[in-house]
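Have a look at the structure below before the remarks.
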Amino acid sequence: MFELSILWPAFLNGLTTGAVYALIALGLTLIYGVLHIINFAHGAALMMALYGVYYLQKSLGLDPYVSLLVMVPAMFAAGYLAYRYVIGVASHGRDENILLVTLGVAIVLENLALFLFKSDTRTIDTAYTFTTIPIGTAMIALPKIVAFFGAAAAAAILLLIMRATDLGRAIRACARERQGARLVGIDVEHVFAMSFGIGLGCLGAAACFLLPAYYVNPGVGNGFVLIAFTIVVLGGMGSFAGALVGGLLIGVVESLGGLWLGESLGQIGIFLIFIAVLLFRPQGLFGARA
Amino acid sequence: MFGIAVALLPAVSSSGVVLNTAIMMLYTALLGLAWNILAGFGGQFSFGHAVFFGTGAYAAAVLQAKLGWNAWATLPAALALGAAVGAFIGALSFRYGLRGSYFALVTLAFAELFRILANNVDFTGAGVGIMVKLDAGAENFQFSTKAGYLYVVLAFVLAALLVCWWLKNSRYGAWLQAVRDNEDSAKAVGVNVFRVKLGAIALSGALMAAGGVFYAQYFQYVDPGLAYGPGVSIEALLGPIIGGLGTLWGPVLGAVLLQLLGEGTRGLFENAPGLSLMVYGALLVLMVTFMPSGVLGAFRRR
C-alpha cells in the first residue's frame, strides 16, 4: 500500500480535475436530457474552446480567467447556431441522424484544428502556473484549485438557470414531454438550440479553467469525450446531480488509478467503471430507469 | 459479374497505382459491408467497429509473428475471435436493451479500452506494434504482385456480399430487419430480439476481423492506433452511409466513391494535413442532411 503522503495529494488532484470533468459532463447531460442524443462533437468543441483561450492569451494577452467573459458567450452562440443551422436541419426527426451528424462535425473540427493549428501540443504560461498552495500535507497547483471552485460556481449557476428561470422551466418541459411542451406554446426548436448552446457554454467555461494547468492539441478532445460519456452514464443520463458526483468520482479514480497502474494504463479504471455500470446499473447512480 | 470485371483488372492494367486503388476500394468496401450488417440491416449504429478490426489484425499478427502460425491458419482464428468479441459486446449491451446513443457509446468505449490494453500489454508489442515478417509466397498470404492481394480481398468482398444477399433473402434476415424497423412489434410476433441482434453483431464482427487480417497482411504492420483507433471505425461507417444504408451494393458504391474522392483530395491538399479527413467529415454531415438514404436510395426513390 502507498502511504497517506502520496494518496492525499493524488486524491486532491483527482478532485480538482473531477470538478472540471463534472462541468464538461453537465453540458453533455443537459444536451442528452433534452435532445435524447449524445453529442459526439462535445470533445471537439472543447478542443476548439481550448484553442480559443490559448489564442486570446497569445494574441491579446487576455488572462484565461478573463477569457471566461468571451469564451462562454462565444461557445453559447456557436452551439445555438450549430443546432439551428446544422444539427437540427440534418436530423429529419431521427436520432441516428443526429448521432452521425455530431460525429461528422467532430471529424471536421478536429481536422480543421489539425490544419489551422498543426499537431503541436501547446501550453500557456501565466504568472500563477507554478504557484502551489498547501492543503494539509499536499501541495496543490493554484490553477487546479481555481478550476475546482470555478467549475463548482459554473455548475451552481447552471442549476440556478434550470431551477429558477422561465428558460430552465421550458428546457425541463421539453426534456420531459416535447409534444406537450409544443402544445402549451413553447418554441421547441428554440429551446433545443438554447440547450445545445448552454451545453457548449459549459465547455467554454471548462476550457478557461482547464488551460492554465493543461495543454491543447487537435486530438485533446477525444480523451475528454469518453470520460464525459462515462460520467454521464455513471451518474445517470440527464441527471445533473449524477454528473456532479460522477465527475468528482471519475477524477479521483483516474488519479488513483494512475498512481497504481501508471499514467497510460490508469485510464482503464474508468472504462471498467463504465462497463460495470452498464452491466449492473444501466440507469446510473441517480437516473430513473431508462 | 462484378467479380469477373474486377478479376480481369490485372490483365488490363499492371500499373501498381491502379491495382492499389482497386485493392483499397475493395478493402474499404469489406469494412463497410461488415458495418452495414449491424447498422443497415440491424439498426444498431456502432461507432467503434475498430474493436473487431483490431482484434482480427492483432490475431493475425500475434499468431503469426509470435507463435509461428501459418498466415492462412490465422484467418479462421481471427474470424472466430472477431465474432466472439462481437458476441461479448452484444451480450453486454443488448441484454439491457441499449440502443441508439448508448450502443454507439459502448462500442466506442470498447474500442478505446482495447486500444489502451494493446498499448500496454507485452504480447501485442505494446506501443511499438508488431511487424509481420516478410516471407513472400502465396502459401504465406504474401504475394509478389499486387494482383494476388487483389484476388484475396475480392474473394473476401464476394463472401461478404453473399452473406448480405443471404440476409436480404432469408428468414433470419427478415427477422433482423423487423427488429430494425420496430423492435417491439418484432418481439410481439415472436422474434427473439436478443438472439437476432447477437447474431448480427457476431457476423459483423467476424467480417470486420477479416478486414483486419487483410490489413495486417497487406501492410505487414499493426499498432494500437492503427488497429483500434477511431479512423477505422469511421472508415467503416462512411461507405454505407454514402452508398446507401441497408442495401446490398451501397457499401461497395460508397467505398468506390470514397476512394475516388480520397485520391482527388490527396492530390489537391498534398501539404495540408487533416484537410482530406475534414472533407470526409463534411461529407458525412452533408449526406445525412441532404441524402439520408445514400446515393443508391436517392436514385431508387425517383
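Rule-based calculations on the coordinates, nothing more; no lab input. Values in this document were obtained by computation on a predicted structure and should not be read as measured data. Positions of Cβ are backbone-derived with ideal geometry, glycine not excepted, and every protein chain shown enters the neighbour counts.
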Original post:
What Rg and what Dmax come out for chain A when only alpha-carbon atoms are used, in angstroms?
Top reply: 18.7, 61
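Where the only charges are on Cβ atoms (+1 Lys, Arg; -1 Asp, Glu), what is the dipole of the protein assembly as shown about its Cα centre, to the nearest 20 debye? Spell out each step's value before the answer.
Working: 30 positive and 24 negative charges, 280 e Å.
That gives the protein assembly as shown a dipole magnitude of about 1340 debye.
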Original post:
So what is the relative contact order for the stretch A:86-164, in percent, with contacts set as C-alpha pairs under 8 Å and at least six apart?
Top reply: 13 percent
Original post:
Per 5 Å bin, what is the whole-percent P(r) computed from every C-alpha pair distance within the stretch A:89-201?
Top reply: 2, 9, 11, 13, 12, 14, 13, 11, 8, 5, 2, 0
Subject >> Candidate lysines for bridging to B:Lys133, where Cα separation is under 23 Å - those fewer than 8 sequence places away on the same chain excluded >> reply: B:Lys66, B:Lys146
Original post:
Comparing A:Leu210, A:Leu183, A:Leu56, which has the greatest mean-square fluctuation in the GNM of chain A with Cα pairs linked when under 10 Å apart?
Top reply: A:Leu183
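So what is the 222 nm mean residue ellipticity for chain B from helices alone, if each DSSP H run of at least 4 adds -39500 (n - 2.57) and you divide by all residues, rounding to the nearest 500 deg cm²/dmol? Write down the numbers at each step before the final one.
Working: 15 runs with 223 residues, N = 302.
-24000 deg cm²/dmol, from helical runs alone.
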Subject >> Within 10 Å of each Cβ in A:82-92, the average number of Cβ atoms from other chains >> reply: 2
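Mind checking B:100-111 for the average number of partner chain beta-carbons within 10 Å of each residue's beta-carbon? Mind dumping the intermediate values first?
Details: counts 8, 16, 7, 1, 8, 11, 5, 0, 7, 9, 3, 1.
That works out to 6 on average.
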Subject >> Cβ-placed point charges (K, R +1; D, E -1), dipole of the stretch B:2-301 about Cα centre in debye, nearest 20 >> reply: 700 debye
Original post:
Per residue of A:227-237, how many C-beta atoms from partner chains lie within 10 Å of its own C-beta, taken as a mean?
Top reply: 2
Original post:
Lys/Arg Cβ at +1, Asp/Glu Cβ at -1, dipole of the protein assembly as shown taken about the Cα centre: which of B:Gly129, A:Val216, B:Phe114 is farthest positive-ward?
Top reply: B:Phe114
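Before anything else, pin down the relative contact order of the stretch B:2-301: Cα pairs under 8 Å, at least 6 apart, normalised by residue count, whole percent.
On the way: 489 pairs, mean separation 101.3, N = 300.
Computed value for the stretch B:2-301: 34 percent relative contact order.
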Original post:
What does the highest-first list of B:252-263, B:59-70, A:27-38 look like by mean Cβ count within 10 Å?
Top reply: A:27-38, B:252-263, B:59-70
Subject >> For the stretch B:55-211, fraction of C-alpha pairs farther apart than 18 Å, in % >> reply: 67 percent
Original post:
With each run of n ≥ 4 DSSP H residues scored as -39500 (n - 2.57), what mean residue ellipticity at 222 nm is computed for chain A after dividing by its residue count and rounding to the nearest 500 deg cm²/dmol?
Top reply: -24500 deg cm²/dmol
Subject >> Furthest towards positive pole of dipole, B:Leu105, B:Thr145, B:Val179, structure part the stretch B:2-301, Cβ charges >> reply: B:Val179
**OP:** For helix A:268-280, report the angle its Cα long axis makes with the longest principal axis of the Cα atoms of chain A; keep it between 0 and 90° and round to the nearest 10°.
**Re:** 40 degrees
Original post:
Working from the pairwise distances between different alpha carbons, so that the mean of 1/r is found and then inverted, what is the protein assembly as shown's Kirkwood radius in Å?
Top reply: 24.9 Å
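Working from the alpha-carbon coordinates of the stretch B:17-94, get Rg over Rh, Rh being the Kirkwood radius.
Working: Rg = 14.4 Å, Rh = 13.9 Å.
Rg divided by Rh gives 1.04.
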Subject >> Binned Cα-Cα distance frequencies in the stretch B:2-301 - 10 Å width, integer % >> reply: 7, 28, 36, 23, 6, 0
Original post:
Membrane-span-like helices in chain B: DSSP H runs reaching 24 Å or more (Cα, own axis), mean Kyte hydropathy at least -0.5?
Top reply: B:16-36, B:71-95, B:100-120, B:146-169, B:193-219, B:250-268
Original post:
Going highest first, how would you order A:158-166, A:17-25 by mean Cβ packing within 10 Å?
Top reply: A:17-25, A:158-166
**OP:** Determine, for each peptide in A:57-67, B:284-294, the mean count of other beta carbons within 10 angstrom over its residues, then list the peptides with the highest first.
**Re:** B:284-294, A:57-67
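Remind me, what semi-axes does the stretch A:173-290 give for its equivalent ellipsoid, largest first in whole Å, using sqrt of 5 times each Cα gyration tensor eigenvalue?
Values: eigenvalues 188, 81, 20 Å².
Largest first, the stretch A:173-290 gives 31, 20, 10 Å.
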